[in-house]
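Encoded as structure tokens, the structure appears first; notes follow it.
The values are calculated or read from the model by the stated rules, or taken from the named source; none is laboratory data. Please read these numbers as outputs of a predicted model, since none were measured by experiment. Every residue, glycine as well, gets a Cβ built from its backbone with ideal geometry; the counts of neighbours run over all protein chains shown.
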Amino acid sequence: MDVALPVLPHRLGAPDPGWYETTDVVVVGSGIAGLTAALHLREAGLHVTVVTKVNIDDGSTRWAQGGIAAVLDPLDTPAAHAADTLVAGVGLCDPAAVDVLVEEGPLRVRELIRLGAEFDRNADGSLMLTREGGHRANRIVHAGGDATGAEVQRALHAAVGRDPWIRLVEHALVLDLLRAADGRACGITLHVLGEGSEDGVGAILSRAVVLATGGMGQMFAATTNPSVSTGDGVALALRAGAVVTDVEFVQFHPTSFVGGDIHETQRPLISEALRGEGAYLVDGDGERFMVGQHELAELAPRDVVAKAIHRVMLATGADHVYLDARHLPDVPHRFPTITAACLAANIDPTVDLIPVAPAAHYASGGVRTDLRGRTSIPGLYACGEVACTGVHGANRLASNSLLEGLVFARRIAEDIAHDLPPQAEPAPVESTPGWVVGEEARVPLQDAMTRGAGVLRSANSLAVAAKELTRLGGTRGTPRTASWEATNLLTVASALVAAADRREETRGCHWREDFPSASDEWRGHLLGAIGPDGEVSESWEDGAAGERPAEAVHGGGRDGAGRKAL
């Protein structure tokens with residue numbers, strides 16, 4: 001069935017730029033992907049401007065607890081890492097992208113160590129490795145027990161701070177892409193909250209643009225993502241005419257903490273590494289329920305565990321299950337971040353069960369790229385969670401996300417340095433004015449997406465969600481940060497609902513109760529774009545093998561690329 005969705009803007013309503021800057025490359029985002037790209041671009045001798053939404057450390061990277069997956073054990077192999085990644089992706093990973101990830105990953109982690117990242121080590125000085133869900137070997141490097149992201153962010157922040165030719169613009173929300181007359185990306189517009197001449201909307205002209213804006217978990221009422229994760233990069237790319245893919249595959253982390261202020265959108269993460277050390281899941285009666293459901297039990301891929309928890313919650317009417325870590329030695333030392341979050345809610349993990357439930361965690365899809373991070377718009381690149389490189393398929397393997405940011409940021413920098421054109425002037429902006437929805441749309445959108453397009457979906461639930469999105473799309477607001485974010489959320493939510501409605505199967509982290517099994521007919525990718533009329537359009541590409549082209553794909557019909565009408 002085809003759901004009716006709102007008409008979306010091709011650009012945001014905003015004042016004309018009141019100031020301009022010029023740089024070689026503008027990087028939007030300051031997490032592991034953005035800062036890694038900036039550092040490698042500087043190695044190539046390019047001037048770089050990094051634009052970040054709040055402060056440099058306020059993105060998703062610092063919240064990553066578990067670690068970085070990479071083959072650093074002599075007994076482990078890239079082939080084994082690839083095999084685990086492909087299993088988690090349920091037939092939709094691009095094998096070429098996975099090979100790039102696992103082969104280049106160890107080198108990138110060692111580069112991060114040379115930059116100053118300090119990972120946990122054994123008494124003999126070797127890296128301490130652990131396991132997480134879906135991995136069949138100990139290959140997760142971590143820092144501070146469960147504070148890997150914070151240490152990675154610290155090291156990258158320090159490295160960027162040592163380079164005076166990396167210009168940092170904080171408290172800046174990216175608005176729209178600037179394009180030259182030939183269609184090439186040539187900069188961005190943005191709004192800066194600051195002092196002096198940079199107060200308000202401006203533009204940064206550049207010879208290339210790198211999107212590293214992170215995820216879009218804030219489209220749901222419960223997420224592990226910070227409040228800044230409003231899908232800004234994916235929405236910008238869609239408005240500019242870029243292709244997105246696999247956006248229906250949003251991974252729900254099985255174990256977010258259900259405690260403290262339950263009205264806060266961002267929930268603390270209870271790292272999978274805790275289960276890797278031997279913690280197990282129990283229901284309200286204290287009975288384990290993962291044993292027998294998967295050979296890896298609590299360490300099954302995240303979609304398997306999240307679905308099992310959701311089934312228990314539906315059957316019992318509870319809003320959570322429990323994680324039992326009481327039998328583990330020295331939890332406060334090994335997992336200080338988790339322990340602190342629990343203690344703040346008067347739960348002691350050494351003597352109490354930890355209440356947990358699934359929460360939106362990671363977007364496996366995003367702006368479609370090739371193996372060099374190139375999108376369907378020349379000069380526009382994407383890396384990290386905002387991108388769909390083909391690595392994750394239908395479900396990301398635990399701790400592959402930080403690794404993906406490292407690997408593909410380096411590849412983007414190499415591609416840009418190899419062939420960077422002169423600065424082009426932006427083409428005149430279309431006469432059709434941009435617009436924004438009301439900022440009050442955010443909370444009802446989150447509620448509608450949680451109920452209709454969350455862990456469990458169906459044709460009926462998606463239709464209800466689409467109806468609410470259409471209603472919210474009819475509102476209009478005043479151009480400012482809250483309404484720009486609400487419009488971005490509406491844009492990515494519409495793309496997700498369109499794809500989730502089309503994909504009539506259950507695969508990976510896309511769970512349709514009305515189509516409970518995976519189907520070979522759906523072993524392929526839905527490619528989304530915003531058409532000239534402002535409506536989301538979907539086209540189909542068969543299969544998953546081989547390097548994917550970055551060219552834009554629009555409309556229906558079948559051609560030599562294996563696309564079929566929808």
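All told, L178 falls short of being closer than 21 Å to Y20 by Cβ, at pLDDT below 95 and of a type outside the set (V, I, T). Within the set of pairs 6 or more residues apart or between chains, which connect a residue that is modelled with pLDDT under 95 inside segment 36-59 to a residue that is in a helix (DSSP H, G or I) with Cβ atoms less than 6 Å apart? Close Cβ pairs (under 6 Å, with a partner that is in a helix (DSSP H, G or I)) amount to I56/H157; D57/Q153. Please verify whether segment 102-125 includes one or more residues that are within 25 Å of I270 (Cβ to Cβ), outside the structural domain of E272 (by TED's automatic domain parsing), in contact with a His (Cβ under 7 Å, 6 or more places away or on another chain) and polar (S, T, N, Q). Among the residues of segment 102-125, not one is within 25 Å of I270 (Cβ to Cβ), outside the structural domain of E272 (by TED's automatic domain parsing), in contact with a His (Cβ under 7 Å, 6 or more places away or on another chain) and polar (S, T, N, Q), which makes the answer no.
For segment 33-54, indicate whether the set of residues that are touching an Asp or Glu at 6+ places or on another chain (Cβ under 6 Å), assigned by TED's automatic domain parsing to the domain that holds L371 and among the β-branched types (V, I, T) is non-empty. Taking every residue of segment 33-54 in turn, at least one turns out to be touching an Asp or Glu at 6+ places or on another chain (Cβ under 6 Å), assigned by TED's automatic domain parsing to the domain that holds L371 and among the β-branched types (V, I, T). In segment 5-99, counting only strands (runs of 3 or more DSSP E) that sit wholly within it, the ones holding 3 or more residues that are aliphatic (A, V, I, L, M) span 25-28, 48-51. The residue that is surrounded by the fewest Cβ atoms within 10 Å (Cβ to Cβ), among those in segment 139-189 that are more than 24 Å from the chain's Cα centre (by Cα) and in a loop (DSSP other than H, G, I, E, B), is P164.
Scanning segment 1-36 for residues that are small (G, A, S) and crowded, with 24+ Cβ neighbours inside 10 Å, we see that the one that is nearest to L236 (Cα to Cα) is G29. The single residue among Q293, Q251 that is buried (at least 22 other Cβ atoms within 10 Å of the Cβ) and polar (S, T, N, Q) turns out to be Q251. The residue pairs whose first member lies in segment 289-303 and is more than 15 Å from L274 (Cα to Cα), whose second member is at pLDDT 90 or above and among the acidic types (D, E), and whose beta carbons are closer than 7 Å, counting only pairs six or more residues apart or on different chains, are F289/D283; M290/E298.
Is at least one residue of segment 238-252 within 28 Å of A300 (Cβ to Cβ), modelled with pLDDT under 95 and within 17 Å of the chain's Cα centre (by Cα)? Yes: one or more hits. Residue count for segment 395-416, restricted to those that are part of a loop (DSSP other than H, G, I, E, B) and aliphatic (A, V, I, L, M): 2. Among the residues of segment 114-163, just one is of a type in the set (D, E) and closer than 12 Å to L35 by Cβ, namely D163. Within segment 392-433, take every residue that is closer than 21 Å to R374 by Cα and without any contact (Cβ under 8 Å) to a residue 12 or more places away in the chain and give me the one that is surrounded by the most Cβ atoms within 10 Å (Cβ to Cβ). Taking the candidates together, the pick is H418. Restricting to segment 304-327, and then to whatever is in contact with a helix residue (DSSP H, G or I) (Cβ under 8 Å, 6 or more places away or on another chain) and surrounded by 14 or more Cβ atoms within 10 Å (Cβ to Cβ), can you tell me which residue is nearest to A137 (Cα to Cα)? Among residues in segment 304-327 that are in contact with a helix residue (DSSP H, G or I) (Cβ under 8 Å, 6 or more places away or on another chain) and surrounded by 14 or more Cβ atoms within 10 Å (Cβ to Cβ), the one nearest to A137 (Cα to Cα) is V305.
In segment 506-513 there is no residue matching the filter, namely being exposed (fewer than 15 other Cβ atoms within 10 Å of the Cβ) and in contact with a helix residue (DSSP H, G or I) (Cβ under 8 Å, 6 or more places away or on another chain). Among the residues in segment 422-442, are any part of a helix (DSSP H, G or I), modelled with pLDDT of 95 or more and hydrophobic (A, V, I, L, M, F, W, C)? Yes: one or more hits.
Among the residues making up segment 328-355, those that are aliphatic (A, V, I, L, M), surrounded by 15 or more Cβ atoms within 10 Å (Cβ to Cβ) and under 21 Å from G149 (Cα atoms) are V331, I338, A341. When we screen L205, L178 for residues that are out of contact with any Phe, Trp or Tyr (no Cβ under 9 Å at 6 or more places or on another chain) and not polar (S, T, N, Q), the only hit is L178.
Screening A500 against (1) among the hydrophobic types (A, V, I, L, M, F, W, C); (2) touching a residue at least 24 places away in the same chain (Cβ under 8 Å); (3) not in a helix (DSSP H, G or I) leaves a single unmet condition, (3).
Residues in segment 212-260 that are of a type in the set (S, T, N, Q) and in contact (Cβ under 8 Å) with a residue 60 or more places away in the chain: T213, Q218, T223, T224, N225, S229, T230, T245, Q251, T255, S256.
Inspect segment 127-145 for any residue being more than 26 Å from L269 (Cα to Cα) and of a type in the set (A, V, I, L, M, F, W, C) and give the result as yes or no. The answer is no, given that none of the residues of segment 127-145 is more than 26 Å from L269 (Cα to Cα) and of a type in the set (A, V, I, L, M, F, W, C).
Can you tell me which residue within segment 441-454, out of those that are in contact with an Asp or Glu (Cβ under 9 Å, 6 or more places away or on another chain) and of a type in the set (A, V, I, L, M, F, W, C), is surrounded by the fewest Cβ atoms within 10 Å (Cβ to Cβ)? This residue is M449. Taking the condition surrounded by 20 or more Cβ atoms within 10 Å (Cβ to Cβ), closer than 21 Å to T223 by Cβ and modelled with pLDDT under 95, does L274 pass? Answer is yes for this residue.
Entry remark, segment 468-491: residues being crowded, with 16+ Cβ neighbours inside 10 Å and either farther than 18 Å from T213 by Cα or not aliphatic (A, V, I, L, M) (or both) number 14 in total.
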